[in-house]
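Any read-out appearing in this document is the output of simple, stated calculations on the displayed coordinates, not a laboratory observation. Since the model is a prediction, treat every value here as computed from it, not as a measurement. Cβ placement follows ideal geometry from the backbone for every residue including glycine, while neighbour counts extend to all protein chains displayed.
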Amino acid sequence: MKSVKYQFELVDITAHMLRVTLQFSPRQPGTVLSLPAWIPGSYMIRDFARNITAIRAFDAFGAVTLTQLDKQRWQLEGNSDVVTVEYYVYAYDLSVRAAYIDDEVAILNPACLCLAVEGQQALPHQLNLVKPTLPCCKDWRVATALPRHNTTKALGFGRYQAANYDVLIDSPLLLGRFNLSQFMIDEVPHYLVVSGDNRTDLPRFTDDLTRLCQQQKAVFGALPDDLTQYWFLLWVTEDGYGGLEHNDSTLLLCSRFDLPAPGATEIDDNYQNLLALCSHEYFHTWWVKRLKPACFHPYQLHAEQYTSQLWLYEGFTSYFDDLALAKAGLITAERYISNLEKTISRVNRNPSDSVQSLLDSSFTAWTKFYKQDENAPNAVVSYYAKGALLALCLEAQLHANGSSLQQLVRWLWQHYLSTGTADNALELSLTQLGFTELAALLTQWLSQAAPLPLQQTLPALGLELVYRPMQHMDDNGGSTNNSGNNSIFIDAQTKVVNGLLQLSQVYQGGNAHNAGLMAGDQLLAIDGVKVSANNLSKLLSRYSVGNQVQVHFYRKDRLLSANLTLNTATQQVAVLTIKDELLCNAWLAASD
Ligand SMILES: [Zn+2]
């Protein structure tokens, strides 16, 4: 056999069970089969092989011994002409990075389903999809960027083929009932697939997405040469939000309430977030799927693969995702600025801003950013949010010098596509473009655990930034009628657990921390009055700055009390004002 063949059968939808049949010709005795431990784009060890529930191998003469070597590798004994390996995979992970099967939809990432035949990854890989016979699957179709075999109908079950293993595992599949629309960007067909039966305005969604794709394409000047089709695979659920980029597609998860309602013309926050997510993943088509860190040439999927460049690939993508909405005219400048206020506020109000550098945040993504706990606001910086703010600072500095971040991004795209970017590629590019001082500043911004100089840089984009104290825990910045000076505060995030108000995160150096309160403490009363999520702000509003209150709380099963001195928030949030319309409009004008 000159190819590796897989077959997927949804053998038990109720049990979320997929049967995979793998067939190939071993080239030597002792062939090893392995499954990735992680999926590119999501930097966490997921140990996909844990969902394989049974596995056996056989050839024309009967059973072939298969020995498990470790958590994700198996070795075949003997040297048959053709070996078949049959295994079952439990698929019930409601995420875009794995596999999920129910009676409405099947989301299949080959990265977590297809064992690699080591040494044969470069061969063509075929995938046969067997249509389930259950009544609920009668109208099911198949959406994927994988090329069809010529015997398979468009959107049909049957044979698909990938040029090699890497292409196979970069091609998620969405099986089920869905709505489909098509649009063209530079003669390349783009497909929008929306799973399930939803009341949505698909023509409007398609139209908005087309404008976004045009804008993102304009950043780079053209589509990637090898892009022949692109699929937005949108998996609609009760709630959920997320996306994962692939070479010729993206798999996205959203709530049905994120979709634009029929008849609605406004862009509400939910729909705006969905468009931003689509915009983000589409930008990745250039930025991390094709141009990527040099160390990802090639991916090593058996263990962590470290890079200090996630601020560049995720941070810049996060900057350009929202920006495209403004540049494409889908949201106003004011609305875009208000989004920026939220991002600045989220980064600035966390003590972690002065604790972890962007380089460190990238490098440790595997164990810190992807494994956040209650201490995250004190210790973990988001290379998405702060990376986007770094992009904003660079944009401002480049604008002040007659250039733009788009020019810099294009430079990297043109100069590093084949080799990938080394850790200093951006500094080097800035130097080569004549921005020596900015290159030095960039090194500083990346390596220091310190707030970025947004107040100093943003005037170059026509913006003034001031900070004010947070007024409540959901305060994301922006102007307010309240002066903010008399807002009384407990420096902790809360959530309701079993009917009690629990401190979920305690800010280091804040009044709760200073009073000896810990994350997990359950608040019962303030000065003898029962406290709840509903009355906390009202209770506190009756005090003044400097007043001390007695807090009663449970710590696990012990009843304790502490004296807490009230203050205005130590956290600061952002207020942006457009001071120079000309500068601001030039920045937010559509790319050409
Ligand atoms: Zn991303």
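Using 0.36 nm per residue, how much length does the chain from ALA400 to ALA440 gain when fully extended, once their Cα-Cα distance is taken away?
Roughly 12.8 nm would be gained on extension.
If you wrap a convex hull around the alpha carbons of the stretch 465-592, what volume per residue comes out, as a whole number of Å³?
About 144 Å³ per residue, rounded to a whole number.
With every atom except the alpha carbons ignored, what do you get for Rg and Dmax of the stretch 81-183, in angstroms?
14.1, 46
Sorted from largest to smallest, which semi-axis lengths in Å does the alpha carbon gyration tensor of the stretch 346-436 give for its equivalent ellipsoid, taking the root of 5 times each eigenvalue?
In descending order, the three semi-axes are 28, 16, 9 Å.
What nm value, rounded to one decimal, do you get for the distance between ASP373 and ALA294 when each label is placed 7 Å out toward the C-beta?
The answer from the label model is 3.7 nm.
Roughly how big is the stretch 3-89's charge dipole about its Cα centre, with Cβ charges of +1 (Lys, Arg) and -1 (Asp, Glu), in debye to the nearest 20?
Here the stretch 3-89 has a charge dipole of around 240 debye.
Would you list, by chain and number, the lysines whose Cα falls below 18 Å from the Cα of LYS217, excluding same-chain residues fewer than 8 positions away?
In chain and number order, the partners are LYS289, LYS292, LYS327.
Length gain on complete extension for the stretch THR53 to ASP225, per 0.36 nm per residue less the alpha carbon to alpha carbon distance?
Working it through step by step, the gained length comes to 57.8 nm.
By the scheme Lys and Arg +1, Asp and Glu -1, what is the net charge of all other residues having a beta-carbon under 15 Å from that of ALA391?
Charge balance in the 15 Å sphere: -2.
Once you put a point 7 Å from the Cα of LEU433 and another 7 Å from the Cα of LEU94, both along the Cβ direction, what distance in nm separates them?
4.3
What span do the alpha-carbon atoms of the stretch 295-405 cover on each of the three principal axes, reported in whole Å from largest to smallest?
Per principal axis, max minus min of the Cα coordinates gives 43, 35, 28 Å.
Suppose a student asked you for the relative contact order of the chain, using Cα pairs under 8 Å spaced at least 6 residues apart; what percent would you report?
10
Have a look at LEU340, LEU233, ILE101 and report the one farthest towards the positive end of the charge dipole of the chain, computed about the Cα centre with Cβ charges (Lys/Arg +1, Asp/Glu -1).
The Cα lying farthest towards the positive end belongs to ILE101.
Just to check, using Stokes-Einstein with a Kirkwood Rh over alpha carbon pairs, what's the diffusion coefficient of the chain at 4 °C and 1.567 mPa s in µm²/s?
49
Just the ratio, please: alpha-carbon radius of gyration of the stretch 1-44 over 2.2 N^0.38 Å, N its number of residues.
For the stretch 1-44, the normalised Cα radius of gyration is 1.56.
Charges only on Cβ, +1 for Lys and Arg, -1 for Asp and Glu: so what's the dipole of the chain about the Cα centre, in debye to the nearest 20?
780
Amide H of TYR160: which non-local residues (sequence gap of 5 or more, or other chain) have their own amide H closer than 5 Å, using H built in the peptide plane?
The list, which skips near neighbours in sequence, is LEU127, ASN128, LEU129, HIS149.
Considering only the other residues whose Cβ falls under 13 Å of the Cβ of ALA569, what net charge follows from Lys and Arg at +1 and Asp and Glu at -1?
-1
At 222 nm, what helix-only mean residue ellipticity would the chain give, in deg cm²/dmol to the nearest 500, using -39500 (n - 2.57) for each DSSP H run of four or more?
-7000 deg cm²/dmol
Among LEU412, ALA512, PHE61, whose Cα sits farthest toward the positive end of the charge dipole of the chain (+1 at Cβ of Lys/Arg, -1 at Cβ of Asp/Glu, about the Cα centre)?
The residue sitting farthest along the positive end of the dipole is PHE61.
Please report the relative contact order for the stretch 438-574, taking Cα pairs under 8 Å with a sequence separation of at least 6, and give it as a percent rounded to a whole number.
Relative contact order for the stretch 438-574 comes out at 26 percent.
What does the convex hull of the Cα atoms come to per residue for the stretch 404-445, in Å³?
64
If packing is taken as the average count of other Cβ atoms within 10 Å, what order do 451-462, 523-534 fall into, highest mean first?
Descending packing order for the listed peptides: 451-462, 523-534.
For LYS71, give me every one of the lysines with a C-alpha distance below 25 angstrom, ignoring sequence neighbours fewer than eight places off in its own chain.
Cross-link targets: LYS5, LYS368, LYS371.
Based on alpha-carbon atoms only, what is the radius of gyration of the stretch 153-219 relative to the globular estimate 2.2 N^0.38 Å?
1.33
For LYS2, go through the aspartates and glutamates and keep the ones whose alpha-carbon is under 14 Å away, minus same-chain ones fewer than eight residues off.
Partners within reach: ASP81.
Need the full-extension length gain, ARG410 to ALA450, defined as separation in residues times 0.36 nm minus the C-alpha distance. One decimal, nm.
Net length gain for the segment: 11.6 nm.
Which listed residue (VAL549, LEU325, SER429) has the Cα farthest towards the positive end of the charge dipole for the chain, taking +1 on Lys and Arg C-beta and -1 on Asp and Glu C-beta about the Cα centre?
So the residue furthest toward the plus end is VAL549.
What is the sum of charges around SER249, taking Lys and Arg as +1, Asp and Glu as -1, for the other residues whose C-beta is under 11 Å from the C-beta of SER249?
Here the charged neighbours net out to -3.
Could you give the size of the charge dipole of the stretch 145-205 about its Cα centre, using +1 on the Cβ of each K and R and -1 on the Cβ of each D and E, expressed in debye and rounded to the nearest 20?
Value, rounded to 20: 340 debye.
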